[in-house]
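Novice: Take this structure, written in structure tokens, and hold onto it; I'll ask about it next.
All of the numbers you see were taken from the coordinates with simple rules; none came from a lab. The shown structure was predicted, so the numbers you read here are calculated from the model rather than taken from an experiment. Note that we place each Cβ from the backbone using ideal geometry, even for glycine, and neighbour counts take in every protein chain shown.
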Amino acid sequence: MSASILPSDAADEPPVVLHVRTQRIEEAVDLLGHVPAAVSGAWLRHGQGMVALGEAWSVRADGPHRFAATGAAFRALAARARVDDEVRVRTSGLIALGSFSYADSSPRPSTLMVPRALLGVHDGESFLTVVGVDEEPLLPTSWRDLFPSSPLPADAVEPLEVEADHTPDEYQALVQEAVAQIRDGHAEKVVLSERTAVRTPDPLSPAVMLTRLARAYPSTWVYHLEDVVGASPEMLAQTEDGRVFSRVLAGSRPVADDGELDEVDRRAFRSDSKELSEHAFAVDSVVERLAGLAAELEVSPEPFVLRLPGLEHLASDVSARLRSGTTSLDVASRLHPSAAVSGTPRERADEIIARLEPHDRGGYASPVGWMDADGDGQWAIALRMAHLVAERTVVLQAGGGLVAASDPVSEHAEALAKCRPMLRALRGEHGA
């Protein structure tokens, strides 16, 4: 199946020319205090990043060539754009936000989008970017005209209706079936996931969800575009100045009450053969797939423990020098799906996933992030996430990696723990 592409500037019309202007904001800006109710996209971490309004241009594609098709459309757009950027920092100037779908066969389109206005903060620099289509953009009298102060979300706990696709016994039976496939030699690792529908009493606000997630989980990459919102701990591909960085997470331990493992349990976690095996598959898949795109690879000498509220992960960092002309989206396309979200070997793992998971994954476990006109950017894996499916309904999705030694009860507990950040953001519980 070839990619079908639906750009905003149709083939029978002249291609649009974007006029992009970035101005410095002299005062310090608290991004989380200015997430607009009509936010069209966001990328936030440690108080930095960007929040977006409107859409100046977008391209949507599906099929196995969706990455190449959208990337080519954006490169063509960037080549003819007129950019006046007085700030010249990362995320200023022409920026496209993106969300891709997991499977080649997914009916959900993958998207790159250039917003009409973007409020950004990077390394102490605050700025406003505005975009005009075939004309100079209209500049507001003040950046606050577009991004006024947003009130802190209330902490009042909202009642939710929560319904998983499977009962605990049913999901654990699926885990057993996947483990049996592994033990029979059909794969070495499979990442199985569960969907959970959540209905809220009031209309959902992506702006509120973003703010709660970013305040509760500042070390994650908090994202939103179109129908996805979440807080990912896993960087798939980050490029800058000719180098690529990827953080691999595989192997997890849920911790009660947002606590941490004690030192004895953490040492046991770091030496657990099942967890180390699962982690090694994920690291190897990233290293192998960077071949041809990068050289001088550097990998963490051994996994380290990444601590998040209520969950700890085995993590490894991979960095390398990129081949000239390689974009961040090229790298994300090559790495997706890594063994951290699919399995090993990839094709056999995805076949097992397709049989055992009753629904298309959509934007779950796929690249989400941004790219600039030079091709540099950041693409996280869309984890700890929800699909916005209706005014009062979201669908959460989370799972874990399975190997021959996996225990169904523990794997079910891990999937539940990974839904906790989104559930807390929806409920408005303290700390999220």
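Novice: From the Cα gyration tensor of region 357-402, with a ≥ b ≥ c the square roots of its eigenvalues, which class applies: rounded if a/c is under 1.5, or else prolate if a/b is larger than b/c, or else oblate? All intermediate terms of the calculation are to be shown ahead of the outcome.
Specialist: Values: a/c = 2.90, a/b = 1.58, b/c = 1.83.
Because a/c hits 1.5 or more and a/b fails to exceed b/c, region 357-402 counts as oblate.
Novice: Mind checking the angle between helix 346-356 and the chain's longest principal axis? C-alpha axes, 0 to 90 degrees, to the nearest 10.
Specialist: Long axis of 346-356 versus the principal axis of the chain: about 80 degrees.
Novice: Evaluate the distance, in nm, between pseudo-label points positioned 7 Å from the Cα of residue 243 and of residue 83 along their respective Cα→Cβ axes.
Specialist: Computed distance between label sites residue 243 and residue 83 equals 2.2 nm.
Novice: Quick check on packing: order 375-386, 348-359 by the mean number of other C-beta atoms within 10 Å, highest mean leading. All intermediate terms of the calculation are to be shown ahead of the outcome.
Specialist: Details: 375-386: 26.8, 348-359: 17.4.
Packing order, densest peptide first, comes out as 375-386, 348-359.
Novice: Something else now. Based on alpha-carbon atoms only, what is the radius of gyration of region 1-150 relative to the globular estimate 2.2 N^0.38 Å? Can you show the working numbers first?
Specialist: Numbers: Rg = 15.9 Å, N = 150, 2.2 N^0.38 = 14.8 Å.
In units of the 2.2 N^0.38 Å rule of thumb, it is 1.08.
Novice: From largest to smallest, what semi-axes in whole angstrom does the chain give when each is the square root of 5 times an eigenvalue of its alpha carbon gyration tensor? Each step should come with its number before you reach the end.
Specialist: Numbers: eigenvalues 234, 123, 86 Å².
For the chain, the semi-axes come out at 34, 25, 21 Å.
Novice: Take the chain, connect every pair of alpha-carbon atoms lying under 10 Å apart with a spring to form a Gaussian network, then pick out the residue of 418, 274, 189 with the largest mean-square fluctuation.
Specialist: With Cα springs under 10 Å in the chain, the top fluctuation among 418, 274, 189 is at 274.
Novice: Could I ask something else about it? Expressed in nm², what is the orientationally averaged projection area of the convex hull enclosing the Cα positions of region 314-372? Walk me through the intermediate numbers first.
Specialist: Numbers: hull surface 22.6 nm².
Projected over every direction and averaged, the Cα hull of region 314-372 covers 5.6 nm².
Novice: Kirkwood hydrodynamic radius (Cα pairs, Å) of region 183-248?
Specialist: Values: mean 1/r = 0.0651 Å⁻¹.
Hydrodynamic radius (Kirkwood, Cα only) of region 183-248 equals 15.4 Å.
Novice: Let me ask another. Using 7 Å Cα-to-Cβ label points, what is the residue 360/residue 317 separation (nm, one decimal)?
Specialist: The modelled label-to-label distance comes out at 3.7 nm.
Novice: Return the calculated 222 nm mean residue ellipticity for the chain, to the nearest 500 deg cm²/dmol, obtained by summing -39500 (n - 2.57) across DSSP H runs with n ≥ 4 and dividing by the residue count.
Specialist: Values: 9 runs with 112 residues, N = 432.
Using -39500 (n - 2.57) per qualifying helix, the result is -8000 deg cm²/dmol.
Novice: Can I ask one more? Starting at the first residue of region 391-405, write each ³J(HN,Hα) from the Karplus equation 6.51 cos²θ - 1.76 cosθ + 1.60 with θ = phi - 60°, in whole Hz, x for Gly and Pro.
Specialist: After applying 6.51 cos²θ - 1.76 cosθ + 1.60, I find 4, 10, 9, 10, 10, 7, 9, 7, x, x, x, 10, 10, 4, 8 Hz.
Novice: Relative to the compact-globule scaling 2.2 N^0.38 Å, provide the ratio for the alpha-carbon radius of gyration of region 170-209.
Specialist: Working: Rg = 17.1 Å, N = 40, 2.2 N^0.38 = 8.9 Å.
So region 170-209 has a normalised radius of gyration of 1.91.
Novice: Against the 2.2 N^0.38 Å scaling, with N counting residues, where does region 279-328 land? I'd like the Cα-based Rg ratio to two decimal places. Can you show the working numbers first?
Specialist: Numbers: Rg = 13.1 Å, N = 50, 2.2 N^0.38 = 9.7 Å.
Compared with the compact-globule rule of thumb, region 279-328 sits at 1.34.
Novice: Now a separate question. Hey, could you grab the Kirkwood Rh for region 101-209? Inverse mean 1/r over distinct alpha carbon pairs, Å, one decimal. Don't skip to the answer; put the middle values down first.
Specialist: Values: mean 1/r = 0.0500 Å⁻¹.
After inverting the pairwise mean of 1/r, the radius is 20.0 Å.
Novice: Next up: Convert each backbone phi in region 16-26 into a coupling constant with the Karplus relation 6.51 cos²θ - 1.76 cosθ + 1.60 (shift: θ = phi - 60°), then list the ³J(HN,Hα) values in order as whole Hz, x for Gly and Pro.
Specialist: 6, 10, 8, 10, 10, 10, 10, 10, 6, 9, 5
Novice: Also, quick follow-up: Write down, largest first, the equivalent ellipsoid semi-axes of region 254-365 in whole Å, where each equals the square root of 5 times an eigenvalue of the alpha-carbon gyration tensor.
Specialist: Working through the eigenvalues yields semi-axes of 27, 21, 13 Å.
Novice: Taking the Cα-to-Cβ direction at residue 144 and at residue 274 and moving 7 Å from each Cα, how far apart do the two end points lie in nm?
Specialist: 5.6 nm
Novice: If you don't mind, there's one more thing I want to ask. Would you kindly derive the ³J(HN,Hα) couplings of region 297-302 from the backbone phi angles with the Karplus curve 6.51 cos²θ - 1.76 cosθ + 1.60 (θ = phi - 60°), listing them in order in whole Hz, with x for Gly and Pro?
Specialist: 3J(HN,Hα) across region 297-302, in whole Hz: 5, 10, 10, 3, x, 8.
Novice: Further question: In degrees between 0 and 90, to the nearest 10, how far off the longest principal axis of the chain does helix 66-80 point, with axes built from Cα atoms?
Specialist: 20 degrees
Novice: Then there is this: Quick one: Debye curve from the C-alpha atoms of region 146-304, no solvent, what's log10 I(q)/I(0) at q = 0.11 Å⁻¹?
Specialist: Debye output, listed in q order: -0.72.
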